[in-house]
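*Asks:* Structure incoming, see below.
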Amino acid sequence: MYAWKTPCRLLYASLAALLVALGCGDATGPESPAAGEIVFTSIRERFMRIWVANADGTGQRPLTPEGETNLEPSWTPDGSRIVFTSWLDGNPDIFVMDADGSDWRPVTRDTAYDRSGRLSPDGKRVVFVSERSGDPDIWVIDVDGSNPVNLTRSPSSFDVDPDWSPDGARIVFASDRGGGRQFSLWTMGADGTGLTRLPAEGGARSPSWSPDGSRIVFTSYRDIGDAEIYVMRADGSGQTNLSGRAGVDELPRWSPDGEYVLFSTKRDGNSEIYVMGADGSEPVNVTRHPRWDAMAAWRP
């Protein structure tokens, strides 16, 4: 019911980097070897909407209506609901809906910009980005909307892109607190203590923790003018380029079994959802649509 009019500066910059010309041709390729279901953001008409599809790209269907801006979907740990960002009330808030798109429930209702929600592995709390204290910080809140807590409390930095470790003990996120307005990756305890910087240099965003907790996949900007999908051990060692080609590859997310990685890419001219092996092998175009598709997550 509300168009996307004046989003916050950081989210606007992130989305602007993703948006491309919407009239590019359809891409073809081999079928995805993966099974299951994915949720993603798409612009098929005018608005960002949340869609679901089988992991091989078949059965694509919208969950949210045209005329409202809804984006950044992620699954609850049991796969029964979807956490997402919505402009339903005129500014971004965190909502939860059932997997079929019904029964919307607000998690946040604040005049500030709240976005990028991820439900904890125990299903009790949502970690998210909020500007209610000024610059973007990482917050947690109970899933019923009570007990909001600012974990990072860093007024001089931008803290974004949070994700839980699979045991719920730690949170990984991106921050420019290292200086130079260049983002790097950090981890902290679920209560905000134990802040640790990971050696993902050259600019890094959108980290995602593997289901077994041993690895983190992320977007790296260390190659000038490029964005690639990298993976590393949870302590930051053993960094490897998975996507390994010119172009924009970003926003990676793991499959539930840790065997595959979903990501967004512009290698076909427009933004598409691809899946590749966890070692970077056999990338396959899943969405194969001439419009804009990005921000995908795999159903547990």
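The values are calculated or read from the model by the stated rules, or taken from the named source; none is laboratory data. Every value quoted in this text rests on a predicted model; they were computed, and no experiment measured them. Backbone-built Cβ (ideal geometry, glycine too); neighbour counts: all protein chains shown. Please note that ligands, DNA and RNA were not included when accessible areas were found on the heavy atoms of the full protein model with its side chains. Shrake-Rupley method; radii C 1.70, N 1.55, O 1.52, S 1.80 Å.
*Asks:* What part of the accessible area of the range 103-176, given as a whole %, is carbon or sulfur when the probe is 1.4 angstrom? Can you show the working numbers first?
*Replies:* Working: 1300 of 2780 Å².
Using a 1.4 Å probe with all protein chains present, the range 103-176 comes out at 47 percent carbon and sulfur.
*Asks:* Evaluate the charge dipole of the chain about its Cα centre and quote only its size in Debye, nearest 20, assuming +1 on the Cβ of each Lys and Arg and -1 on the Cβ of each Asp and Glu. The partial results should precede the final answer.
*Replies:* On the way: 30 positive and 43 negative charges, 126 e Å.
Computed charge dipole of the chain: roughly 600 debye.
*Asks:* Loop only by DSSP, 13 or fewer other Cβ within 10 Å of the Cβ. Give me the GluC sites (Glu not before Pro) in the range 38-76 that pass, ordered by residue number.
*Replies:* Here the sparse-neighbourhood loop sites are Glu45, Glu66.
*Asks:* Calculate one ³J(HN,Hα) per residue across the range 150-161 by plugging θ = phi - 60° into the Karplus curve 6.51 cos²θ - 1.76 cosθ + 1.60, and present them in order as whole Hz with x for glycine and proline.
*Replies:* Per-residue couplings from phi come out as 7, 7, 8, 6, 10, x, 9, 9, 9, 10, 9, 6 Hz.
*Asks:* When Lys and Arg each count +1 and Asp and Glu each count -1, what net charge do the other residues less than 9 Å away from Pro62, Cβ to Cβ, add up to?
*Replies:* Details: positive: Arg44, Arg49, Arg61; negative: Glu66.
In short, +2.
*Asks:* Now for a different question. Given a 10 angstrom Cα cut-off, can you work out which residue in Ile138, Ile43, Ile94 is the most mobile in a GNM of the chain?
*Replies:* Top of the fluctuation ranking is Ile43.
*Asks:* Could I ask something else about it? For the range 250-300, what is the charge dipole size about the Cα centre, in debye to the nearest 20, if Lys and Arg each add +1 at the Cβ and Asp and Glu each add -1 at the Cβ?
*Replies:* Numbers: 6 positive and 8 negative charges, 53 e Å.
It comes to approximately 260 debye.
*Asks:* For the chain, the longest stretch holding no trypsin sites (Lys or Arg not before Pro) located in a DSSP loop with at most 12 other Cβ atoms within 10 Å is which? Walk me through the intermediate numbers first.
*Replies:* On the way: sites that count: Lys5, Arg46, Arg109, Lys124, Arg153, Arg181, Arg245.
My reading of the result: 182-244 is the longest stretch.
*Asks:* Which of (i) 136; (ii) 115; (iii) 125 is the computed volume of the Cα convex hull per residue in Å³ for the structure on display?
*Replies:* Comparing each candidate, only (ii) matches the computed number.
*Asks:* Rounded to whole Hz and in sequence order, give me ³J(HN,Hα) for the range 38-45 from the Karplus expression 6.51 cos²θ - 1.76 cosθ + 1.60, θ = phi - 60°, writing x for Gly and Pro.
*Replies:* 10, 10, 7, 9, 9, 10, 9, 10
*Asks:* For a test of the definition: using alpha carbon positions, the gyration tensor, and the 1.5 limit on a/c, classify the range 215-300 as rounded, prolate or oblate.
*Replies:* On the way: a/c = 2.02, a/b = 1.22, b/c = 1.65.
Oblate shape, in that a/c is at least 1.5 and b/c is the bigger or equal ratio.
*Asks:* Can you tell which of Val231, Gly194, Thr111 lies farthest toward the positive end of the dipole of the range 76-233, using +1 and -1 charges on the Cβ of basic and acidic side chains (Lys, Arg; Asp, Glu)?
*Replies:* Value: Gly194.
*Asks:* Another one. Roughly how many Å² is the accessible area per residue of the range 103-235, as a whole number, for a 1.4 Å probe?
*Replies:* Working: 5260 Å² over 133 residues.
Heavy-atom accessible area per residue stands at 40 Å².
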